[in-house]
Every structure is written in C-alpha cells, then in structure tokens.
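Peer 1: Sharing a structure below in structure tokens format, with a few things to ask.
Readers should treat all values here as calculations from the given coordinates under stated rules, not as data from a laboratory. Predicted model, so just to flag it, every value in this text is computed and none were measured. Counting neighbours? That spans all protein chains shown, and the Cβs are built from the backbone with ideal geometry, glycine included.
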Amino acid sequence: MHLHLEGNYAQAILLVFLIIVFLQSGIDKVTDWKGNLSWLKGHFAKSPFKNGVPFLLGTITVMEIASGLLSVLGLVHLLLHDNAVFALYGALVSGITLLMLLLGQRVAKDYEGAKTIVIYLVPTVLLLFLLQ
C-alpha cells in the first residue's frame, strides 16, 4: 500500500483540521446534550430561534458529525487512492455547517462568536479552493 502524500500536504492538513473541529464538537454535543441545550436556550432566548433550539441543536449536531466523518473519509481516500471527491464533499458540508453556525451567531447578536466562526471558515474555503 502506497500513501499519496506528495502534492496533497495542504489538503491533508486542512482535512485533519476539519476532522478535529467537527468530530470534537459533534461528539461534545452528543455526550453533553443537556448542557449544550441549556446553554443554547439562554443564548437564543431573545432571538427568533428561541422556540426551535432543540431542533436546531439536533440539526447542527448531525451536520458537524457528517462534516467530520466525510473529512475522515476524504483524508483516507486522498491518501490511499489520490482521489479527492470525498475530501471535496467533506469541505463542502463543513462550509455549509459553518455558515449555519455563523447565521446562528448573527441572529443571536453574538458578534464576537460570529467572528470566531469566520476563523474556521477561512481554512475551509481554502481547502475548497485547493480541491477544485
């Protein structure tokens, strides 16, 4: 078995970044559902999302886990088969997930939190650019 690293260093590092970000966050939401739900109910208490927090938390949890797992699949496929199709899917779903999170932060008027999301969005968009 030969690993296809040459020419894929940046993509591999960015995929590992997405794996860490989204699997950790998704797993945290699953293992501490009540804590996350409680915090988010307070966070969105004065927003149009206040009545939909459980549904939105479930949706973002699924998106984060999907982003992380697609990034894992993308990394494995890239390194073993020099094929970036799943890496592209992982980056694309990650970008959509980050935009969902950004929307939530903006609606909650948490502008500092929104800035933090942008920090994650930049390398994700870079990965999309590299995979095109």
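Peer 1: Across region 1-38, what is the total count of residues that are of a type in the set (Gly, Ala, Ser), over 17 Å from the mean Cα position of the chain (by Cα) and closer than 27 Å to Tyr89 by Cβ?
Peer 2: Selection size over region 1-38: 2.
Peer 1: Among the candidates Val16, Val93, Val76, single out the residue that is in contact (Cβ under 8 Å) with a residue 24 or more places away in the chain, over 18 Å from Thr116 (Cα atoms) and surrounded by fewer than 19 Cβ atoms within 10 Å (Cβ to Cβ).
Peer 2: Among Val16, Val93, Val76, only Val16 is in contact (Cβ under 8 Å) with a residue 24 or more places away in the chain, over 18 Å from Thr116 (Cα atoms) and surrounded by fewer than 19 Cβ atoms within 10 Å (Cβ to Cβ).
Peer 1: Looking at Lys46, Lys41, can you tell me which residue is surrounded by 12 or more Cβ atoms within 10 Å (Cβ to Cβ), over 20 Å from the mean Cα position of the chain (by Cα), more than 23 Å from Ala66 (Cβ to Cβ) and of a type outside the set (Ser, Thr, Tyr)?
Peer 2: Residue meeting the stated conditions: Lys41.
Peer 1: Select, from Lys46, Lys109, the only residue that is basic (Lys, Arg) and on the phi < 0 side of the Ramachandran plot.
Peer 2: Lys46
Peer 1: Still on this model: I need the full set of residues from region 102-116 which are part of a helix (DSSP H, G or I), farther than 17 Å from Lys29 by Cβ and touching a residue at least 24 places away in the same chain (Cβ under 8 Å), in order please.
Peer 2: Scanning region 102-116 gives a single hit, Val107.
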